[in-house]
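Undergrad: Mind looking over this structure? Questions follow.
The values are calculated or read from the model by the stated rules, or taken from the named source; none is laboratory data. This one's a predicted model, so the numbers in the text were calculated from it and none came from an experiment. Here the Cβ positions follow ideal geometry from the backbone for every residue, glycine too, while neighbour counts run over all protein chains shown.
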Amino acid sequence: MKFGVSTFVTDDGIGPAALGRALEERGFGSLFLAEHTHIPVKRESPWPGGAELPRMYYRTLDPFVVLSAVASVTERLRLGTGIALIVQRDPIVLAKEVASLDLISGGRAVLGVGAGWNREEMRNHGTEPKTRMRLLRERVLAIKELWTKDEAEFHGEFVDFDPVFSYPKPVQDPHPPVLIGGAGPTTPDRVVEFGDGWMPIYGRGTDALAAQIADIRDRAGRPVPVTVFGVPRSPQAVAELEAAGVDEILFNLNTEPEEATLRRLDKLAELF
């Protein structure tokens, strides 16, 4: 089983280069970053994690800028989003960003995607919350066309463009893996149809994880990789996830200054 971290990189925590070096030096295999373009001051959408929205949500750096900086100081670390709010991003621009990251990193990019929970945030991007899942589907499919076709085109309900040239192409063949976030009742449908893996959050809809994984793999007819992010520092959690058939664990890494982060990484590394 592989081990990495999931975290928020902000303007008041450890810097990207220092974080990337520290992870690779300690043997971690991946870094997955959360994103929020902004947080509306007036917000009615409840945060799924509790009553109070943590400070780090307000202060995230752009994940692709951070991952590019990390790529420049590492050689093996897989570089992912956990998750990219694809319903708030232009698919043509996003396809180029991820392909560029894959190129400069030598084929280490991973695109974790989701539709998000903050309805006010997505409305500021012109996204209607009620149709965000259909939008997510089309944007993923369009991005894969842009990655894999010399003259890519897509004609859907929300995404529509005639043949275009879009470069660079990714290094990975056929393209960087797209991991579908979430654990709702319709998530398996999305994983099976257009995902390259599943990435649920630990403790949110994962009570019957072994059965869920078996069902997805059976329906897909292939060994769908499963990455669980937001995992606490717990030997019991690691053992449970391994027994359930999880391929990769992403430990939750608090957003802290460099010295505190390095101490925390030392403790996390003891688990594997």
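Undergrad: Given the options GLU75, GLU52, name the one that is part of a loop (DSSP other than H, G, I, E, B), modelled with pLDDT under 95 and among the acidic types (Asp, Glu).
TA: GLU52
Undergrad: Of these, PHE64, PHE32, which one is of a type outside the set (D, E, K, R), within 17 Å of the chain's Cα centre (by Cα) and under 22 Å from ASN124 (Cα atoms)?
TA: PHE64
Undergrad: Considering only the stretch 242-260, state which residues are hydrophobic (A, V, I, L, M, F, W, C) and over 25 Å from GLY20 (Cα atoms).
TA: Of everything in the stretch 242-260, those that are hydrophobic (A, V, I, L, M, F, W, C) and over 25 Å from GLY20 (Cα atoms) turn out to be ALA243, ALA244.
Undergrad: Of all residues in the stretch 153-165, count the ones that are surrounded by 13 or more Cβ atoms within 10 Å (Cβ to Cβ) and touching a Phe, Trp or Tyr at 6+ places or on another chain (Cβ under 8 Å).
TA: 3
Undergrad: Also, quick follow-up: For residues that are under 17 Å from the mean Cα position of the chain (by Cα) and modelled with pLDDT of 95 or more, scanning just the stretch 184-194, find the one that is surrounded by the most Cβ atoms within 10 Å (Cβ to Cβ).
TA: Taking the candidates together, the pick is VAL191.
Undergrad: On the given criteria, is GLY197 surrounded by 21 or more Cβ atoms within 10 Å (Cβ to Cβ) and touching a strand residue (DSSP E or B) at 6+ places or on another chain (Cβ under 8 Å)?
TA: The answer is no for GLY197.
Undergrad: Hey, can you tell me all the residues within the stretch 1-44 that are modelled with pLDDT under 95 and either in contact with a His (Cβ under 6 Å, 6 or more places away or on another chain) or buried (at least 16 other Cβ atoms within 10 Å of the Cβ) (or both)?
TA: none
Undergrad: Please find, within the stretch 84-104, the residue that is surrounded by the fewest Cβ atoms within 10 Å (Cβ to Cβ) out of those that are acidic (Asp, Glu) and out of contact with any strand residue (DSSP E or B) (no Cβ under 6 Å at 6 or more places or on another chain).
TA: ASP90
Undergrad: Give the stretch 212-232 a look and list any residue that's over 13 Å from GLU248 (Cβ atoms) and surrounded by 15 or more Cβ atoms within 10 Å (Cβ to Cβ), or say none.
TA: Once the filter is applied, which keeps residues that are over 13 Å from GLU248 (Cβ atoms) and surrounded by 15 or more Cβ atoms within 10 Å (Cβ to Cβ), the stretch 212-232 yields GLN212, ILE216, ARG217, ALA220.
Undergrad: Another question about this same structure. Taking the stretch 84-127 as the region of interest, how many residues are more than 18 Å from GLU138 (Cβ to Cβ) and of a type in the set (A, V, I, L, M)?
TA: Qualifying residue count, the stretch 84-127: 6.
Undergrad: Go through the stretch 105-137 and count every residue that is of a type outside the set (D, E, K, R) and surrounded by fewer than 16 Cβ atoms within 10 Å (Cβ to Cβ).
TA: 7
Undergrad: Kindly list the number of the only condition in (1) hydrophobic (A, V, I, L, M, F, W, C); (2) more than 21 Å from PRO176 (Cβ to Cβ); (3) at pLDDT 95 or above that fails for PHE64.
TA: The one condition PHE64 does not meet is (2).
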